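Participant: A single structure is presented below for examination.
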């Protein structure tokens with residue numbers, strides 16, 4: 001997970017494109033796959049070279065691992081789709097909070113949450129309170145006795 005976190009922290013455009021997401025998901029579902037297997041699956045309507053390039057790009061980004069399999073490579077996902085989504089969201093939020101308008105961005109977020117569903121606003125408040133209590137407990141641990 002740490003290498004995924006560092007990937008998202010050091011790569012400003014870490015969000016994947018639609019084809020990269022499709023290919024990543026195709027590999028994840030199969031557990032392991034070659035380019036040919038992803039292509040023959042029929043769910044991705046791209047040429048063999050396009051899929052090969054995309055899988056190689058995902059490998060170079062550290063999202064897929066690969067091992068030789070005959071004259072080809074067999075790829076597997078290094079992270080779950082949930083881990084990928086989480087880190088994309090965390091990175092996006094960090095970028096927003098890192099700007100000089102972080103308070104404004106937070107107010108937009110709260111507005112969007114409350115517009116979407118009032119219960120989510122309650123859940124957000126509970127999460128904030130839980131996190132605040134956890135931070136206080138960690139600070140007390142670090143204090144000299």
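Participant: Please work out which one of (1) under 27 Å from residue 128 (Cβ atoms); (2) modelled with pLDDT of 85 or more; (3) touching a helix residue (DSSP H, G or I) at 6+ places or on another chain (Cβ under 7 Å); (4) not assigned by TED's automatic domain parsing to the domain that holds residue 128 is the condition residue 23 fails and give its number.
Facilitator: Every listed condition holds for residue 23 apart from (1).
Participant: Next question, about the same structure. Considering 126, 72, 133, which residue is modelled with pLDDT of 90 or more and assigned by TED's automatic domain parsing to the domain that holds residue 15? Show your work before the answer.
Facilitator: Values: 126 fails: assigned by TED's automatic domain parsing to the domain that holds residue 15; 133 fails: assigned by TED's automatic domain parsing to the domain that holds residue 15.
The unique qualifying residue is 72.
Participant: Conditions first: (1) within 30 Å of residue 31 (Cα to Cα); (2) without any contact (Cβ under 8 Å) to a residue 40 or more places away in the chain; (3) not assigned by TED's automatic domain parsing to the domain that holds residue 28. Residue 88 passes all but one, so which condition is the exception?
Facilitator: Going through the list (1) within 30 Å of residue 31 (Cα to Cα); (2) without any contact (Cβ under 8 Å) to a residue 40 or more places away in the chain; (3) not assigned by TED's automatic domain parsing to the domain that holds residue 28, residue 88 breaks only (2).
Participant: In this structure, does residue 111 turn out to be surrounded by 10 or more Cβ atoms within 10 Å (Cβ to Cβ) and closer than 30 Å to residue 59 by Cβ?
Facilitator: Values: surrounded by 10 or more Cβ atoms within 10 Å (Cβ to Cβ): yes; closer than 30 Å to residue 59 by Cβ: no.
No: the conditions fail for residue 111.
Participant: When region 50-82 is examined, which residues are found to be touching a helix residue (DSSP H, G or I) at 6+ places or on another chain (Cβ under 9 Å), exposed (fewer than 15 other Cβ atoms within 10 Å of the Cβ) and outside any strand (DSSP E or B)?
Facilitator: The answer is 62, 80, 81.
The values are calculated or read from the model by the stated rules, or taken from the named source; none is laboratory data. The structure presented is a predicted model; accordingly, all values stated were derived computationally and were not measured. As a convention, Cβ positions derive from the backbone with ideal geometry for all residues, glycine included, and neighbour counts pool all protein chains shown.
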